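The values are calculated or read from the model by the stated rules, or taken from the named source; none is laboratory data. No experiment lies behind these values; they were computed from the predicted model shown. Neighbour counts run over all protein chains shown; Cβ positions are idealised from the backbone, glycine included.
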């Protein structure tokens with residue numbers, strides 16, 4: 001099993017924690033998507049998790065097919081979508097899923113596109129769309145801001161307990177997060193993408209923040225002893241910072257039309 005496969009397989013191990021801890025997305029993301037394809041459009045969501053983007057999509061009146069490879073994640077997503085008769089959740093891996101004969105108006109990958117095979121993802125996303133349909137790739141980044149002093153101390157915890165940590169790493173600013181259209185261009189299947197960017201913050205109590213960290217694949221894949229020492233160290237940093245920590249996020253939305 002490749003590292004990518006191993007890491008992406010851990011999310012379903014604790015679906016309830018994932019649902020409890022993972023933040024959603026700025027409402028402006030869904031405003032842009034609604035304007036792009038109109039209410040009632042047929043939408044495919046790749047890697048829906050427990051429904052962080054699925055519920056806002058269904059709430060905009062889209063006819064939603066949400067895929068996730070984890071039965072545990074899909075079960076919770078179904079519960080969240082129970083009030084939306086036009087939404088369905090399918091336990092499938094997008095990379096091997098047999099596409100329906102009629103293309104979708106919109107394909108959305110919210111914090112999931114990077115887990116797909118780079119050799120396949122653009123081509124299959126285009127194949128899933130009708131002509132002039134839209135691919136929307138949403139990515140979330142932890143950026144400089146928020147409780148910067150605490151994160152400086154936390155960096156030293158990672159350097160001490162996680163050997164994969166780059167020494168002296170600092171959080172990027174929003175301007176340092178690339179708006180890179182190259183993958184769209186290389187595929188030959190999409191128009192020039194439009195980028196939309198939104199900065200926002202969430203404040204976490206110590207227990208909430210440690211809970212959040214346990215939803216990230218890199219933390220879950222660590223040896224248990226090292227992970228426990230890392231989390232103890234991080235918890236101490238949050239406590240020294242007053243018992244709460246504010247994380248600043250950048251959500252980036254890239255939208256492009258299928259050519260032909």
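Summary table
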quantity: Cβ pairs under 6 Å, 6+ apart, first in region 105-132 and at positive phi, second surrounded by fewer than 22 Cβ atoms within 10 Å (Cβ to Cβ) and outside any helix (DSSP H, G or I); calculated: 111/140; 132/257
quantity: Qualifying residue in region 186-205 (condition: in a helix (DSSP H, G or I) and in contact with a strand residue (DSSP E or B) (Cβ under 8 Å, 6 or more places away or on another chain)); calculated: no
quantity: Filtered residue count, region 215-241, keeping only those that are under 22 Å from the mean Cα position of the chain (by Cα), assigned to a loop (DSSP other than H, G, I, E, B) and either free of Cβ contacts under 8 Å to residues at least 40 places away in the same chain or crowded, with 17+ Cβ neighbours inside 10 Å (or both); calculated: 3
quantity: Matching residues, region 180-207, being buried (at least 16 other Cβ atoms within 10 Å of the Cβ), under 22 Å from the mean Cα position of the chain (by Cα) and over 30 Å from residue 118 (Cα atoms); calculated: 204
quantity: Spans of strands (runs of 3 or more DSSP E) in region 68-167 with at least 2 residues closer than 22 Å to residue 192 by Cα and in contact with a helix residue (DSSP H, G or I) (Cβ under 6 Å, 6 or more places away or on another chain); calculated: 104-110, 129-143
quantity: Residue in region 168-179 that is surrounded by the most Cβ atoms within 10 Å (Cβ to Cβ), counting only those that are out of contact with any strand residue (DSSP E or B) (no Cβ under 8 Å at 6 or more places or on another chain) and in a loop (DSSP other than H, G, I, E, B); calculated: 170
quantity: Number of positions in region 22-63 that are modelled with pLDDT under 95 and in a helix (DSSP H, G or I); calculated: 0
quantity: Residue count for region 242-260, restricted to those that are farther than 18 Å from residue 22 by Cβ and in a strand (DSSP E or B); calculated: 6
